[in-house]
Amino acid sequence: MNKKSNQQPALKALSGQFLNYLKLMRLDKPVGIWLLMWPTLWALWLAGKGHPDGGIFIVFMLGVVVMRSAGCVINDLADRKIDPHISRTRDRPIASGAVTPAEAITLFLALALIAVGLAAMLNRPAQLLAVVGALLTVIYPFVKRFLSIPQFVLGAAFGWAVPMAFAAQTGNTPQLAWLVFGAALVWATIYDTFYSMADRPEDLKIGVKSTAILFGDADRFIVGGLQVAMLLALVLIGNMAELSAWYFSAVVAAAGLMAHHQWLVRKRDPAACFEAFVKNHHIGMVIFIGIVLHYAFNPA
C-alpha cells in the first residue's frame, strides 16, 4: 500500500507536466492549427486537381500539427522575458515557470526531428523547400524585436506549406502555387494584425514591434486594404485554376466574413480584436469548401 501511495503523487506530477508540454505546444488552443492547415489544404486540392495523393495528404496534415507546435515552443522560448509582462500570456508554461527553458529546448528538438522524418518522406523539391520553411519558423519569434512587420514573416512561415504541397504533389511550383502563397501571406498578416491589436497597449510599454503599432490609427483602413488584396488574389486563383461558381461563391462568403471582422474591431476593444483573430479561420474553411465543391461537381 505504501509503495502505491508513493507512486501516485509521482504519476500525478508526471501527468501534470505532460499537460504543461501540451499547453506549451498550444494543443489546447487549436486555432493556430486551423490557420496553418487551411492554406495547406487549398494547395493540396489545387495541385492534385481535387485528388491529392493520400500519402502526401497524411504527411502534410501531421506536418501542420508538428510545425505549429514547434513554432509555439520556440516562440514562447524567445518571449520568455516578455510574456510575464502581458496579461494574456503571463500564464504560459515557460513564463509561469511550469516548464523550464531546457525542457522547452528538448521538446523543440524532438518536434524538429519528427518534422525531419516527415520531410524525408517527400520528394527532393519539397525537401529543399522544407529547409526554408524551417528557417522561417525559427526566425519569426525574434524578428519582432527588430522589424515593425513581423506579421509578414509569420505569413511567409504559415504560407510556406503551399509551395511545398505543390512541389510534393507535382514536382514543381507553378505560378498558381506562388499566387496561393501570396494570398496566404496576406491573410496571415490580416489575422495576426488583429491579434497584435489586442496586445498593442502592452506591446508599446515593453517595446515589442508589430503591424498594429506600425499602422497606428490607420490599422482598420490598412487591414481593409489587405482584405481587398486577398480577395483579388483569391479571384485570380479561381480564374487561373479555372474554378467554378462553387468556388467564387465561397470567395463572396469570405468577403462577408471579412466585413464582420471589421465590424468586430470597430472600437478596437482588445477582446473583440482577439475574437476577430480567432474567427479568421472560418475564411480559410469556406474557401476550402468552395474548392472541394468545385472538384466534386466539376471533376477534372
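Computed on the Cα trace of the chain, the radius of gyration divided by the Kirkwood hydrodynamic radius gives Rg/Rh = 1.00. Here the average projected area of the convex hull drawn through the C-alpha atoms of segment 153-300 stands at 8.9 nm². Based on DSSP H segments of at least four residues, each scored -39500 (n - 2.57), the chain has a per-residue ellipticity at 222 nm of -26000 deg cm²/dmol. Counting only residues at least eight positions apart within a chain, or on another chain, the aspartates and glutamates with an alpha carbon under 15 Å from that of residue 49 are 242. In terms of the mean number of neighbouring beta-carbon atoms within 10 Å, the peptides 276-284, 239-247 order highest first as 276-284, 239-247. Compute the helix-to-body angle for 245-264: its Cα long axis versus the longest principal axis of the chain, expressed 0 to 90° and rounded to tens. The answer is roughly 50 degrees.
Translational diffusion coefficient, Stokes-Einstein: compute it for segment 1-120 using the Kirkwood radius over C-alpha pairs as Rh, at 37 °C and 0.692 mPa s, and state it as an integer in µm² s⁻¹.
D, rounded to a whole number, is 202 µm²/s.
Between 0 and 90 degrees, the angle of helix 281-297 with respect to the longest Cα principal axis of the chain falls at about 40 degrees. On a 0 to 90° scale, report how tilted helix 270-279 is relative to the longest principal axis of the chain, with both axes built from alpha carbons and the result rounded to the nearest 10. Approximately 60 degrees, to the nearest ten. If you plug the beta carbon distance of residue 172 and residue 252 into 1/(1 + (r/R0)^6) with R0 = 45 Å, you get a FRET efficiency near 0.90.
Using the Cβ-Cβ distance between residue 266 and residue 228 with R0 set to 25 Å, the FRET efficiency works out to roughly 0.90. Report the paramagnetic label zone for residue 244: residues of segment 277-300 whose backbone N is under 18 Å from a point 7 Å from Cα along the Cα-to-Cβ axis. Within reach of a label on residue 244: 287-300. Length available on full extension from residue 289 to residue 139: 0.36 nm per residue minus the Cα-Cα distance, which gives 50.8 nm.
Since every read-out is calculated from the coordinates, none of them should be taken as a lab result. Keep in mind it's a predicted model, so treat the numbers as computed, not measured. Heads up, the Cβs are rebuilt from the backbone with ideal geometry, glycines too, and the neighbour counts pull from every protein chain shown.
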